[in-house]
1. Can you name every residue in the range 52-93 that is assigned to a loop (DSSP other than H, G, I, E, B), out of contact with any strand residue (DSSP E or B) (no Cβ under 9 Å at 6 or more places or on another chain) and farther than 18 Å from residue 106 by Cβ?
2. Looking at the range 25-35, is at least one residue touching a helix residue (DSSP H, G or I) at 6+ places or on another chain (Cβ under 7 Å), surrounded by 10 or more Cβ atoms within 10 Å (Cβ to Cβ) and either in a loop (DSSP other than H, G, I, E, B) or at pLDDT below 90 (or both)?
3. Say whether the condition of being modelled with pLDDT of 85 or more, loosely packed, with under 10 Cβ neighbours inside 10 Å and more than 27 Å from the chain's Cα centre (by Cα) is met by at least one residue in the range 47-61.
4. Taking the range 70-113, which residues are crowded, with 16+ Cβ neighbours inside 10 Å and within 15 Å of the chain's Cα centre (by Cα)?
């Protein structure tokens with residue numbers, strides 16, 4: 001005796017191919033966005049590492065050694081006010097003092113001060 005199985009819930013082969021294709025497209029788009037973000041972050045970090053210590057010191061002095069977002073004076077970093085310059089020529093007006101926490105929040109959310 002053969003058992004009857006309700007197969008109405010099983011997607012067709014074409015349906016499964018369409019679902020798999022849609023998932024692959026979503027993964028591909030997400031991967032491209034992540035790669036672009038990592039590349040931009042790497043460029044940003046490289047530019048920040050290349051800032052001369054004299055310029056970094058002038059930024060800290062101008063900002064009174066406090067985070068310009070929250071006012072904290074611990075764990076300070078120099079960061080770009082917005083996106084890094086396209087020509088790699090960093091100027092004082094393009095830099096800001098932020099604490100580690102605010103730097104992470106700003107980069108994650110894309111907030112521009």
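1. Answer for the range 52-93, where residues must be assigned to a loop (DSSP other than H, G, I, E, B), out of contact with any strand residue (DSSP E or B) (no Cβ under 9 Å at 6 or more places or on another chain) and farther than 18 Å from residue 106 by Cβ: 52, 86, 87, 88, 89, 91.
2. The first filter runs over the range 25-35 and keeps only residues touching a helix residue (DSSP H, G or I) at 6+ places or on another chain (Cβ under 7 Å), leaving none.
Looking through the range 25-35, none of the residues is touching a helix residue (DSSP H, G or I) at 6+ places or on another chain (Cβ under 7 Å), surrounded by 10 or more Cβ atoms within 10 Å (Cβ to Cβ) and either in a loop (DSSP other than H, G, I, E, B) or at pLDDT below 90 (or both).
3. Yes, the range 47-61 contains at least one residue that is modelled with pLDDT of 85 or more, loosely packed, with under 10 Cβ neighbours inside 10 Å and more than 27 Å from the chain's Cα centre (by Cα).
4. Matches in the range 70-113: 79, 80, 84, 102, 103, 106, 107.
The values are calculated or read from the model by the stated rules, or taken from the named source; none is laboratory data. In this text, all values refer to a predicted model and were calculated from it rather than measured experimentally. A quick note on method: Cβ atoms are made from the backbone with ideal geometry, for glycine too, and the neighbour counts reach across all protein chains shown.
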